[in-house]
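To start, the structure under review is shown below, and the notes come after it.
The values are calculated or read from the model by the stated rules, or taken from the named source; none is laboratory data. Keep in mind it's a predicted model, so treat the numbers as computed, not measured. Surface areas here come from the heavy atoms of the whole protein model, side chains and all, with no ligands, DNA or RNA. Shrake-Rupley method; radii C 1.70, N 1.55, O 1.52, S 1.80 Å.
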Amino acid sequence: ADESEKTYMGSFVLTAPESMGFLKGASLYGGVVDGLPGVNAFPQSFTDVTSYYAGLVVPTPIEALAVGASYDYRGTKKQGNGDIFTGGAPSTYANAMAAYVTFQATEKMRLANRFEYVNGSDGTWYNSNELTDRNNAMIGETVTLDYALWANVVTRLEFRWDRNVAGAGSLPPVGVAPNASGDKNALSLALNVIYKF
């Protein structure tokens, strides 16, 4: 990459003061990163990648309950004529919006539910079969149970459901032609044991 190219980033956090009553402690987050893409993202084709993030976490009158929302955007600028086979690449974008709720059931156990909607250029998450509207769009639902089993150890049981809600593309994997079954759903169940140093 050109040594004169720079990556810029910035972020902020605003926290509500005690004078805001039950909203005390609510936090608003924001950030931006702008620079060249990584070596695996056609660096010779894209001239710039910009990512934005905004998030909000709000306590509720119920001490154990909190709600939040977030928004992410990533955009790439193209160079050349937009034809990847002649050294260019089309501009791409991706959006992700999420809302979630967490409930601290006991001192050691926490429940969470997150709903997401994402959309983006074709190939962001899957390859579309559509000839006209080739954008990707999915919804996701994640239910999580965290339990602090021992000191510095968290065990997490997580169920996730993703569904393609646009086009004829199939899930997953990214970057592979849609499978013959046309499966629009991806389900996963995971158990994690996390040790915090």
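Surface calculation, 1.4 Å probe, protein heavy atoms: Val165 sits at approximately 70 Å² accessible.
Keeping all protein chains in place and using 1.4 angstrom, which order do Met97, Met109, Met138 fall into by accessible surface area, from largest down?
Numbers: Met97 75, Met109 55, Met138 20 Å².
My answer, sorted largest first, is Met97, Met109, Met138.
Measuring with a 1.4 angstrom probe and ignoring ligands and nucleic acids, Ser11 comes out at about 110 Å² accessible.
Top to bottom by accessible area (1.4 Å), largest first, where do Ile62, Ile194, Ile139 land? Spell out each step's value before the answer.
Details: Ile62 100, Ile194 60, Ile139 40 Å².
Largest to smallest exposure gives the sequence Ile62, Ile194, Ile139.
Subtracting the Cα-Cα distance of Ser19 and Met97 from their residue separation scaled by 0.36 nm leaves 25.1 nm.
Quick one: order Trp161, Trp150 from most to least accessible surface, probe 1.4 Å. Mind showing how you got there, number by number?
Numbers: Trp161 85, Trp150 165 Å².
My answer, sorted largest first, is Trp150, Trp161.
In the assembled protein chains, Leu191 presents an accessible area of approximately 130 Å² (probe radius 1.4 Å).
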